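The structure under discussion appears below in the form of structure tokens.
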Amino acid sequence: MSKEIDEQPAAENPEELLDLKLDDQKEWAAGIPAVTAAMVDILHEAGFVRGMEGLFKMNKKGGFDCSGCAWPDPDDDRSPIAEYCENGAKALAEEATTKKLTAEFFAQNSVTDLAKLNDYEIGKKGRIAQPVYLPKGATHYQPISWDDAFKKIGDKLNGLASPNEAAFYTSGRTSNEASFMYQLFVREYGTNNLPDCSNMCHESTGVALADSIGIGKGTVTLNDFYDTEVIIIIGQNPGTNHPRMLTALQKAKEKGSKIIAINPLYEAGLMGFKNPQTVKGLLGITTHLADLYLQVKINGDMALLKAIEKLLYKAELENPGKVFDHEFIMNSTKGYVAFLNHLNQYDIDHLAQEAGVPLAQIEQAADMLKDKTRIIICWAMGVTQHKNGVDTVKEIVNLIILKGSIGKPGAGLCPVRGHSNVQGNRTMMIYDKPYPKQMDRLKEVFGFEPPRDHGYDVVESIQAMHEGKLKVFFAMGGNFLSATPDTTYTAEALRKLEMSVHVSTKLNRSHLVHGEEALILPTLSRSDKDVVNGEAQFISCENSMGVIQMSKGMLEPISKDMMSENQIVCRLAKATLGSRSVVDWDKYEKSYDAVRDVIAKVIPGFEGYNQKVRTPGGFYLPNAPRTGKFESEKHGSRILFNLAGLPKHEMAADEYRMTTIRSHDQFNTTIYGLDDRYRGIHNERRVIFMNEQDMQKAGFKSGEQVDLYNNFGGVERAAHLFVVVPYSIPQGCTATYYPEANVLIPIDSVAKQSNTPTSKLVFIKIKKHKAG
Ligand code: SF4
């Protein structure tokens with residue numbers, strides 16, 4: 001088997017790429033096509049009755065939380081029709097599917113054969129219906145009882161020379177209850193090796209905001225969107241990645257807000273929205289979203305933000321006291337003068353050039369902001385997954401505090417999280433760098449000494465696997481290999497493990513590139529009914545705006561041989577720790593109320609958890625900056641203006657900037673289909689979006705087959721057979737879908753301070769594909 005086939009879903013020959021159909025790039029998102037696409041998936045996977053039952057309860061009070069992104073539900077009235085988007089419906093279709101993988105499936109399909117399929121084909125196989133085990137040297141997964149599975153994992157963990165030879169990954173789907181018990185088990189076992197998906201997405205946000213405002217989370221609520229004057233959206237594509245945000249943007253526009261979109265690619269969901277829940281939308285009438293679209297170069301955001309700040313400063317000098325909020329600056333910030341001196345070093349034309357945006361457009365942006373005080377800035381991976389991701393988030397904070405746009409209605413910081421409980425996982429102490437105070441509290445409540453040393457994050461875990469320092473990898477959800485950078489390197493690392501274990505709902509590539517021994521433990525999905533000890537249980541999650549809400553599945557699980565994540569953790573803890581544990585795992589396995597009671601004792605803000613979470617709509621966690629109070633460890637009660645320089649890019653003349661993006665038929669590593677209809681792509685994922693002038697210069701035609709190369713650190717990384725597609729993107733910039741292009745993201749190209757892989761910027765060379 002060729003390495004390329006099992007490590008990434010590569011095309012094997014050029015003919016496979018001939019099905020690609022190109023269509024016009026769209027200028028609006030959703031509308032009837034979104035409804036149709038959602039329904040086709042639901043009916044195909046779950047059938048009418050099961051599908052409709054699920055959709056009706058999704059994101060409703062008393063229903064279950066969508067396992068897609070972390071966009072919040074309305075606090076008050078929710079839609080009587082549908083409180084979900086196309087991608088939420090597709091996420092439900094994936095998990096509510098009636099296709100299941102039984103012992104026969106695994107007997108008939110070897111790991112090698114399954115690994116030849118692409119990620120889309122693997123994902124479409126169905127739900128895993130029982131625990132399976134791949135013994136050392138075996139070719140096929142085979143059934144194993146739950147007891148035997150836990151015993152094998154427990155024996156393996158107990159046989160390690162040190163608990164630090166194991167790592168325990170968490171994906172953003174894991175509930176608060178399961179996350180808390182998971183970190184408790186891992187810490188009682190003796191390690192802080194708790195890599196999580198946050199390490200790969202908003203870690204830069206967490207680091208920057210914790211340092212600046214004292215909390216690693218955003219400060220706005222959904223209602224702030226309806227009371228704001230300007231919304232800036234940077235490096236975020238809501239039409240595909242957080243689609244219900246479009247409803248909030250539409251309402252904000254109706255209330256008079258303006259929108260500034262900052263993104264290298266033109267994205268339909270930033271330009272217009274046809275709301276399928278309104279008569280207007282159904283009639284095909286578009287709400288125009290972005291009033292100003294700044295098509296910044298990849299990683300040109302820092303220069304652009306500085307240019308806007310510089311123009312605002314000029315306006316402030318012309319109209320003293322009218323542009324900047326001096327009262328806020330004086331009472332709640334420090335470093336203002338140093339910041340202005342820093343800003344003065346830059347030439348405005350140079351900043352515009354570095355941003356790749358015409359100065360006249362930047363002036364328009366500054367004009368839109370200068371008289372306004374209620375400003376919200378939203379951002380996502382387009383900002384965080386860069387070498388200077390932490391500094392760019394801090395530059396966003398600089399702009400917000402110049403305007404005093406924080407701690408009051410209609411204003412603030414809005415990092416938008418991409419996975420439903422990724423923020424909650426961290427609140428539940430899934431963190432490789434634990435806070436001493438939290439460890440003290442664990443000790444007080446449970447009576448064991450938790451480890452204090454920092455563990456491995458995602459990148460460090462992969463490197464440790466490679467170096468033979470990690471022997472066991474346990475993944476609570478996710479598709480680690482497809483989510484992580486440097487696919488070939490990461491696959492090599494995973495193969496060096498003695499044991500890999502995945503708690504999963506569906507088959508994915510990470511089950512097929514494994515350690516010497518491997519196990520898959522099938523778990524319930526969000527929409528599945530979760531009955532433990534004869535009682536229907538519910539879980540809870542935290543959305544992007546810090547609301548904790550209950551989630552109660554109601555669909556009949558497709559197999560009786562699956563367990564909830566919380567049960568799996570408790571059973572694993574018993575099998576591993578046995579009588580040396582001081583935790584009553586039986587109690588927590590049987591009652592999620594008991595889990596919430598103990599969370600309430602350990603984590604501030606969760607007092608009365610069981611009672612508050614039963615309130616329809618849930619409850620907000622405390623968020624001091626939202627109320628104008630700031631308290632960071634380093635800077636006390638004042639927000640420090642950050643002085644960061646512009647990024648320096650050393651590129652060869654024939655190199656391009658490349659960013660990885662999702663298609664519209666994709667949620668993180670789950671591929672729903674092969675289209676990306678907003679960008680006009682059908683039937684293919686191995687495409688590279690290029691500026692037409694760049695294509696002409698390089699002699700590429702639309703449809704040209706090319707190979708992509710990255711040479712970071714003197715190592716050649718290649719991704720073969722991509723098709724060139726002309727697209728509206730700045731010159732010198734290109735975009736490709738992940739996970740196909742992850743092979744080009746170097747493991748050691750990471751953001752400073754947050755160690756997040758730089759998946760939004762690597763330098764590549766593009767060469768015509770040569771057969772053979
Ligand atoms: S916006 Fe996000 S949370 Fe809401 S339904 Fe869509 S994918 Fe799910």
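The values are calculated or read from the model by the stated rules, or taken from the named source; none is laboratory data. As the structure is a prediction and not an experimental result, all values here were calculated from the model. FYI the Cβ positions are ideal-geometry reconstructions off the backbone, even for glycines, and counts take in every protein chain you see. Areas reflect the complete protein model, heavy atoms only, side chains present, ligands, DNA and RNA absent. Shrake-Rupley method; radii C 1.70, N 1.55, O 1.52, S 1.80 Å.
At-a-glance table
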quantity	calculated
Number of the condition not met by Leu55 [criteria: (1) within 16 Å of the ligand (Cβ to nearest atom); (2) open to solvent by 50 Å² or more (accessible area, probe 1.4 Å); (3) not aromatic (Phe, Trp, Tyr)]	(2)
Residue match in the range 389-399 (condition: modelled with pLDDT of 95 or more, acidic (Asp, Glu) and under 29 Å from Gly335 (Cβ atoms))	yes
Boolean, Gln295 is within 16 Å of the ligand (Cβ to nearest atom), more than 19 Å from the chain's Cα centre (by Cα) and open to solvent by 30 Å² or more (accessible area, probe 1.4 Å)	no
Given (1) touching a helix residue (DSSP H, G or I) at 6+ places or on another chain (Cβ under 7 Å); (2) more than 16 Å from the ligand (Cβ to nearest atom); (3) among the aliphatic types (A, V, I, L, M), number of the condition Ala34 does not satisfy	(2)
Which listed residue is within 16 Å of the ligand (Cβ to nearest atom) and either modelled with pLDDT of 95 or more or surrounded by 20 or more Cβ atoms within 10 Å (Cβ to Cβ) (or both), from Gly190, Gly172	Gly172
First in the range 285-303 and on the phi > 0 side of the Ramachandran plot, second anywhere and open to solvent by less than 10 Å² (accessible area, probe 1.4 Å), Cβ under 7 Å, 6 or more apart	Asn299/His386
Qualifying residue in the range 366-386 (condition: among the charged types (D, E, K, R), open to solvent by less than 50 Å² (accessible area, probe 1.4 Å) and in contact with a helix residue (DSSP H, G or I) (Cβ under 8 Å, 6 or more places away or on another chain))	no
Any pair with Cβ under 6 angstrom, 6 or more apart, that starts in the range 59-76 at a residue that is open to solvent by less than 20 Å² (accessible area, probe 1.4 Å) and ends at one that is β-branched (Val, Ile, Thr) and more than 11 Å from the ligand (Cβ to nearest atom)	Pro72/Val547
All helices (runs of 4 or more DSSP H) inside the range 69-138 with 2 or more residues being within 16 Å of the ligand (Cβ to nearest atom) and within 27 Å of the chain's Cα centre (by Cα)	86-96
Residue tally, condition farther than 18 Å from Ser204 by Cβ, within 14 Å of the ligand (Cβ to nearest atom) and of a type in the set (S, T, N, Q), over the range 226-255	3
